[in-house]
Amino acid sequence: MIVGFPRNIGWIEVVCGSMFSGKTEELIRRLKRAKIAQQNVQIFKPRIDDRYDAVRIVSHSRQQLESIAIERAEDLLRHLKPETQVVGIDEVQFFGAEIVPVCESLANKGLRVIAAGLDQDYRGLPFEPMPQLMAVAEFVSKELAICVVCGNPANRSQRIVSSSDRVVVGAEGDYEARCRKCFIPEPVKASAQENLKLRLRG
Ligand SMILES: [Zn+2]
């Protein structure tokens, strides 16, 4: 919750968390409020993420907003309209390190930047460039999911299909939210219930 927005300057907000934590939902909520306040909003997402829709950002609960799909961080500056005051970026972790100076340049120009992304990969390791982006942001919110195994707050994304590719784009069924106790760092091909049984046995 952000109280007391800065005035007459730009800034960066990072909304981060695991899969199913409601990051995109929170991003959409903030962007909708900016639109209600009659601010000019532009929304970007990586082209790699076409889980639900090629030109919209969509949360797991099907909230959605129109967006521009771009391949590289620098494309954002090319698509930026002069009247834009608020820039939303979804799945920001997929843009790599180049997104950090892009966000900085927007904020330095006086824009409000709201970037949502995964802060940890499926191994539970920091997902660059999120640490760098969080370090230069004015506001950082961590959203938590609910662990599907034990019901505690969850900040890890358990991959339940095998792949060593770090950027397998998440869909329901490929990942589940886990707390630090229930999270197993290696990919496992089993449902939450089967894993729980394994854990109890082991
Ligand atoms: Zn748990």
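The values are calculated or read from the model by the stated rules, or taken from the named source; none is laboratory data. Quick caveat, the model's predicted, so the values are computed rather than measured. A quick note on method: Cβ atoms are made from the backbone with ideal geometry, for glycine too, and the neighbour counts reach across all protein chains shown. With ligands, DNA and RNA removed, areas are computed over all heavy atoms of the protein, side chains included. Shrake-Rupley method; radii C 1.70, N 1.55, O 1.52, S 1.80 Å.
Which condition breaks for residue 86 when tested against (1) open to solvent by less than 10 Å² (accessible area, probe 1.4 Å); (2) of a type in the set (A, V, I, L, M); (3) within 16 Å of the ligand (Cβ to nearest atom)?
The number of the failed condition is (3).
Check 2, 57 and return the single one that is closer than 24 Å to residue 78 by Cα and either at pLDDT below 95 or over 10 Å from the mean Cα position of the chain (by Cα) (or both).
Of 2, 57, the one residue that is closer than 24 Å to residue 78 by Cα and either at pLDDT below 95 or over 10 Å from the mean Cα position of the chain (by Cα) (or both) is 57.
Using the structure shown, decide if residue 90 is of a type outside the set (Lys, Arg) and under 19 Å from residue 128 (Cβ atoms).
It is true that residue 90 is of a type outside the set (Lys, Arg) and under 19 Å from residue 128 (Cβ atoms).
Please enumerate the residues belonging to segment 105-120 that are open to solvent by 20 Å² or more (accessible area, probe 1.4 Å) and in contact with a Pro (Cβ under 8 Å, 6 or more places away or on another chain).
120
Can you tell me which condition residue 58 does not meet? The list is (1) more than 21 Å from residue 11 (Cα to Cα); (2) open to solvent by 70 Å² or more (accessible area, probe 1.4 Å), and all the others hold.
Failing condition for residue 58: (2).
Within segment 103-134, can you find the residues that are among the charged types (D, E, K, R) and in a loop (DSSP other than H, G, I, E, B)?
Matches in segment 103-134: 109, 119, 121, 123, 128.
Is at least one residue of segment 150-168 away from the ligand (no atom under 16 Å from the Cβ), under 21 Å from residue 47 (Cβ atoms) and modelled with pLDDT of 95 or more?
No, segment 150-168 has no match at all.
Here is a list of conditions, (1) in a helix (DSSP H, G or I); (2) open to solvent by less than 30 Å² (accessible area, probe 1.4 Å); (3) closer than 23 Å to residue 125 by Cβ, and residue 15 meets all of them except one; can you say which number that is?
Here residue 15 meets the rest and fails (1).
Does residue 100 satisfy being open to solvent by 10 Å² or more (accessible area, probe 1.4 Å) and assigned to a loop (DSSP other than H, G, I, E, B)?
No: the conditions fail for residue 100.
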